[in-house]
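Quick notes on the structure that follows.
The values are calculated or read from the model by the stated rules, or taken from the named source; none is laboratory data. All figures in this text were calculated on a predicted structure; none of them were measured in a lab. Cβ placement follows ideal geometry from the backbone for every residue including glycine, while neighbour counts extend to all protein chains displayed.
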Amino acid sequence: MTPNQSASRALPRGIGFVKRQPRDWKVTVARSSIARFVYQMVLPYQSIYTVALGATATQLGIVNSAGMCIAGLASPLAGWLIDRIGIKKVYLTGIGLLFAAYLFYGIAFSWVIIIFAMAAFWLGENISGHSCATVCANSLANADRATGMTLCETFASGIVGIGGPVIGAFLVANFGGVTASGIRPLFLLATAGTLISFLLIFFKISDRSHAHTVEQRPRLLGFLSDVSQVMREGRHLKRWLVIVSVGSLPLGMVFPFSQVYAHEVKGAETYILGLMVTGSSLTSLLLGIPLGRLADRIGRKKTLYMTLPLFWASNLVLIWAPRPEFLIAAGILQGFYYICATINGAMSFELVPREQMGRWIGLMRFCRLLLSSVTALIGGVIWDTLGPQYVFLAVMGLDLFIRLPLLIGMPETLSSRK
């Protein structure tokens, strides 16, 4: 079969796949694409902006730590509310917080204000992402799950996401370069984009709920009982909570520091910083769907074994890069983190029944974000005391010696829930 014949067959299959999915999944893919475009636009400069407003690496760690901690503490409650009252109201609350976060960034004139912006950002990102994940988990069949999730990742991070850092770099270059005043307009544009995504969910997504019927109990007792039910009835959940928590450490220890490292240590300027994020998006665009299909055929674990080392390599390339241009390769390899996270997410959704999905995702996000909040602070201290490169090496070590052995002991989930 020639490449042209393969492509001509793949396109109708892809269109057919999308057509047979529920409308809510299609709407949340569109919302995720807008959100990722906005995020990819500001990502290369988010931490640099905080440092430009006067923060040290330790203070940068404090900013991220505070935001993650608040979001983590709210996660079980958000999951409980999704299972109790439905997704739409919770979804809109999360997007509203993201709107406030970008607005705070845009008007901030001190790094202290960024603490409030980052708290709103992580809380909004967590709640909206939680709602998005619940829609995805409850809409897709097992045989379609990894494909559907990586298709969303490919479209949001790849096709749409590539434009974000390119436009961001162009705007920063024209507003004065990598300075606070040159970066500030990006956050005001992100505020407008987030408003569009709010309106999309408000008008287009259904208020359908997978909520379970439960006896009426006092609210606090009901909340605690409902959350503990997930852990009582699930299998391998405690092990999985450790796996996803360690797997999320890059959120606090790699991504907040990689752009600052590239700029301050390696000398990267506006367009190199943008191309690093573009390279990450290119990875999702080219390999997201093929690796998702592979995970739906040979299993989640085997696919993770193939892709995890490529993300570890991104940290080594970042540290080694002899010239700024090599940082683009680090960005390309960094894109495998998002593919791994998507496949990891498919595995997570197959461990519990649909009616417990909101609470289960809430528990995972609680553990992930609380651990990440602690390590974000530790990352800043490591940067200022031992050296910047040790932040990235520490993440690799924890992944290799804790996460990977625990993953090997997990059963494959591909056929576990029909």
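Check W383, W360 and return the single one that is in a helix (DSSP H, G or I), at pLDDT below 90 and among the aromatic types (F, W, Y). Outline the logic, then answer.
On the way: W383 fails: at pLDDT below 90.
Among W383, W360, only W360 is in a helix (DSSP H, G or I), at pLDDT below 90 and among the aromatic types (F, W, Y).
The lone criterion from (1) more than 23 Å from A74 (Cβ to Cβ); (2) in contact (Cβ under 8 Å) with a residue 24 or more places away in the chain; (3) more than 16 Å from the chain's Cα centre (by Cα) left unmet by C340 is number (3). Within the stretch 75-118, being among the small types (G, A, S) and touching a helix residue (DSSP H, G or I) at 6+ places or on another chain (Cβ under 7 Å) holds for S75, A78, G79, G94, G96, A100, A101, G106, A108, A117.
Pairing each residue of the stretch 316-329 that is free of Cβ contacts under 8 Å to residues at least 12 places away in the same chain and within 17 Å of T270 (Cα to Cα) with any residue that is surrounded by fewer than 17 Cβ atoms within 10 Å (Cβ to Cβ) and of a type in the set (F, W, Y), provided the two are 6+ apart or on different chains, yields C-beta distances under 8 Å for F326/W320.
Scanning the stretch 162-180 for residues that are part of a loop (DSSP other than H, G, I, E, B) and touching a residue at least 40 places away in the same chain (Cβ under 8 Å) turns up I162, G177, V178, T179.
Look at (1) at pLDDT 90 or above; (2) of a type in the set (G, A, S); (3) within 16 Å of I378 (Cα to Cα) and you find that G67 fails only one, number (1). Could you tell me which residue of the stretch 129-175 is nearest to L53 (Cα to Cα), considering only residues that are out of contact with any Lys or Arg (no Cβ under 8 Å at 6 or more places or on another chain) and modelled with pLDDT of 90 or more? Among those that are out of contact with any Lys or Arg (no Cβ under 8 Å at 6 or more places or on another chain) and modelled with pLDDT of 90 or more, it is V172. When the stretch 259-317 is filtered for residues that are surrounded by fewer than 24 Cβ atoms within 10 Å (Cβ to Cβ) and touching an Asp or Glu at 6+ places or on another chain (Cβ under 6 Å), the ones remaining, listed by number, are G299, K301.
Against the criterion of being surrounded by 18 or more Cβ atoms within 10 Å (Cβ to Cβ), farther than 25 Å from G163 by Cβ and modelled with pLDDT under 90, G61 does not qualify.
Selection of the stretch 43-82 for residues being closer than 21 Å to V374 by Cα, without any contact (Cβ under 8 Å) to a residue 60 or more places away in the chain and more than 20 Å from the chain's Cα centre (by Cα) yields only A55. Taking the stretch 51-69 as the range and being closer than 28 Å to A192 by Cα and in a helix (DSSP H, G or I) as the test, the residues that pass are V51, A52, L60, G61, I62, V63, N64, S65, A66, G67, M68, C69.
Kindly provide the set of residues from the stretch 382-415 that are hydroxyl-bearing (S, T, Y), in contact (Cβ under 8 Å) with a residue 60 or more places away in the chain and loosely packed, with under 13 Cβ neighbours inside 10 Å, ordered by number.
Listed by number, the list holds a single entry, S415.
Is there a residue in the stretch 263-271 that is free of Cβ contacts under 8 Å to residues at least 60 places away in the same chain and at positive phi? Yes, some residue in the stretch 263-271 is free of Cβ contacts under 8 Å to residues at least 60 places away in the same chain and at positive phi.
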